[in-house]
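Below is one structure; the comments refer to it alone.
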Protein chains: 2
Amino acid sequence: MKKSSTAPIGIFDSGIGGLTVAKAVMKALPNEDIIYFGDTARVPYGIKSEETVRSYALQITEFLLSKGVKMILIACNTVSASAKDEIIKAAGDIPVLDVITAGTLAAISEPRHHHVGVIGTLATVNSKAYVKAITDIDKSIVVTQQACPLLVPLAEEGWIDNEIARQTLKHYLEVFKGKGLDSLILGCTHYPLFKEVIPELLNGDGASIIDSADSIAKTAFDRLADMELLNGSGGEFQCFVSDRPQRFQELAERFLGRSVSEITIVSL
Amino acid sequence: MKKSSTAPIGIFDSGIGGLTVAKAVMKALPNEDIIYFGDTARVPYGIKSEETVRSYALQITEFLLSKGVKMILIACNTVSASAKDEIIKAAGDIPVLDVITAGTLAAISEPRHHHVGVIGTLATVNSKAYVKAITDIDKSIVVTQQACPLLVPLAEEGWIDNEIARQTLKHYLEVFKGKGLDSLILGCTHYPLFKEVIPELLNGDGASIIDSADSIAKTAFDRLADMELLNGSGGEFQCFVSDRPQRFQELAERFLGRSVSEITIVSL
């Protein structure tokens, strides 16, 4: 059965990071209703086994499907790396997009893409998910990864462009200096918060910054347009979390740059 | 039945932070065998409900009791705040010490203790566990708390005294400047790693630094001596974790300042 164009888009993440994807979708698709799920009771996923991550991701997928979503966006790098295929299968004819595929395709679509950099959490870097996704498409592309464990806590503390954030970023980005980087994928949904600061700290190389939140939002627009499922009359944003709505609200407003009124706790 | 003096001491934490307690115990009680449990699969506890934390803590207590420990040290501030009474009950005649009680008693034993500072994670600060523990003993004591969310990731990154660590600490400690602080409790088991840097950044106030790892180790020594349970012939260190022994080993060696050979994964 074809979904109605007025059905919401489902977006989920292990916690709050995926709100950067929600923000990008709000910008690219302002007339869509969005249902966001953040698994705040079980964050972080990166330290859990693939099996556990898959079972959590499938629970959330079922939840979003029960809400009648017309599309699912996996706004979590760990889930994208380890549970994408299972989610696609569980979602049936509902399209599923993920941040790793979106970021990879965006990097490869750049005019220059011989050397791609990836920054992410320790878990994402260790999983080599971006390296695999990129070299599966073109083996000749060189991928340089750098884990940046402090960026998530910095983003959550709201230290986005102070001296501490700049020094930390400078330290992490040092590895890319003078290496002729063509693009840098922000391989963690928290990192778009540093998007204004990163280019000047990467200076000299002129690498494009690939924000997978923007990339996945653009892909969502294209896919919904193709399927004639664009909504012209929505724009509502509903948040569901598995724990602590108070802390979530404070961070959500920082991540989204707007107030968030409707936050509901659900137990999966 | 009286425990044998050669029985091991059990120490546990939600993850690796409690290793600072293990290190302090090794120093104060070099001839004791130690069994450490780090719940690395379920860390962090601070974002979980009290009920969940209690059930995890009781599982670990049962595990340590099954290993025949003669004493249990709760090296986790979240567990100390929310599950201490249940663990004492479950442990029967095996003495149970916790970092919050140890830190509180150490601060109150200082010659000057009118104004006590506490730094900790967001969860510990929000729980007000130290404030309650201190004011339950002496209502006239003023307690000033400061959450320092970046210190755990800094410690795990190994950035203990570089410029980023110093600037971050300076920022967090600003709240105590010129307030006539008598002592500052390091209310998170990761924080003793910053013990060398903190005094100079708190300068002027001359506050004593209360390291609850040292405090609990000292209490453990006194209690074992009282009970005539000091070991004269041990010194072994065994580690059990619930996930990822490799990352644990790397961090454990940084935290302990020595190599760690025996790490076993257990599923509780």
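The values are calculated or read from the model by the stated rules, or taken from the named source; none is laboratory data. Predicted model only: the values in this text are computed from it and were never measured. All Cβ positions, glycine included, derive from the backbone under ideal geometry; neighbour counts span all protein chains shown.
Criterion first (without any contact (Cβ under 8 Å) to a residue 40 or more places away in the chain, more than 14 Å from every other protein chain (Cβ to nearest Cβ) and more than 30 Å from A:Q167 (Cα to Cα)) does B:K218 satisfy it?
Against the criterion (without any contact (Cβ under 8 Å) to a residue 40 or more places away in the chain, more than 14 Å from every other protein chain (Cβ to nearest Cβ) and more than 30 Å from A:Q167 (Cα to Cα)), B:K218 does not qualify.
Listed here are the residues, each with its yes/no results for (1) assigned to a loop (DSSP other than H, G, I, E, B); (2) touching a helix residue (DSSP H, G or I) at 6+ places or on another chain (Cβ under 6 Å); (3) under 20 Å from B:L268 (Cβ atoms).
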residue: B:S4; (1), (2), (3): yes, no, no
residue: B:T20; (1), (2), (3): no, yes, no
residue: B:E62; (1), (2), (3): no, no, yes
residue: B:G68; (1), (2), (3): yes, no, yes
residue: B:L97; (1), (2), (3): no, yes, no
residue: B:A107; (1), (2), (3): no, no, no
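Yes/no per residue for (1) over 22 Å from the mean Cα position of the chain (by Cα); (2) among the small types (G, A, S); (3) crowded, with 22+ Cβ neighbours inside 10 Å:
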residue: B:I141; (1), (2), (3): yes, no, no
residue: B:L154; (1), (2), (3): no, no, yes
residue: B:H171; (1), (2), (3): yes, no, no
residue: B:H190; (1), (2), (3): no, no, yes
residue: B:E200; (1), (2), (3): yes, no, no
residue: B:A217; (1), (2), (3): no, yes, yes
residue: B:A225; (1), (2), (3): no, yes, no
residue: B:G235; (1), (2), (3): no, yes, no
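Restricting to segment B:171-212, give me the number of residues that are touching a residue at least 40 places away in the same chain (Cβ under 8 Å), away from chain A (no Cβ under 14 Å) and part of a loop (DSSP other than H, G, I, E, B).
7
Could you check segment A:248-267 and list, in sequence order, the residues that are within 14 Å of chain B (Cβ to nearest Cβ) and within 15 Å of A:R42 (Cβ to Cβ)?
A:F248, A:I265, A:S267
Within the group A:P111, A:P149, which residue is touching a Pro at 6+ places or on another chain (Cβ under 8 Å) and either in a helix (DSSP H, G or I) or surrounded by fewer than 23 Cβ atoms within 10 Å (Cβ to Cβ) (or both)?
None of the other options fit; the residue is A:P149.
So which of B:E196, B:E174, B:E163, B:E157 ends up being among the acidic types (D, E), out of contact with any Lys or Arg (no Cβ under 9 Å at 6 or more places or on another chain) and farther than 19 Å from A:A165 by Cβ?
B:E196
What do you reckon, is A:A133 over 16 Å from A:I210 (Cα atoms), buried (at least 19 other Cβ atoms within 10 Å of the Cβ), at pLDDT 95 or above and in the same structural domain as A:H113 (by TED's automatic domain parsing)?
No: the conditions fail for A:A133.
Residue by residue through segment B:216-248, note down the ones that are among the aromatic types (F, W, Y) and in a loop (DSSP other than H, G, I, E, B).
Once the filter is applied, which keeps residues that are among the aromatic types (F, W, Y) and in a loop (DSSP other than H, G, I, E, B), segment B:216-248 yields nothing.
Any residue that is outside the structural domain of A:T189 (by TED's automatic domain parsing), in contact with a strand residue (DSSP E or B) (Cβ under 9 Å, 6 or more places away or on another chain), aliphatic (A, V, I, L, M) and part of a strand (DSSP E or B) - is there at least one of those in segment A:35-48?
yes
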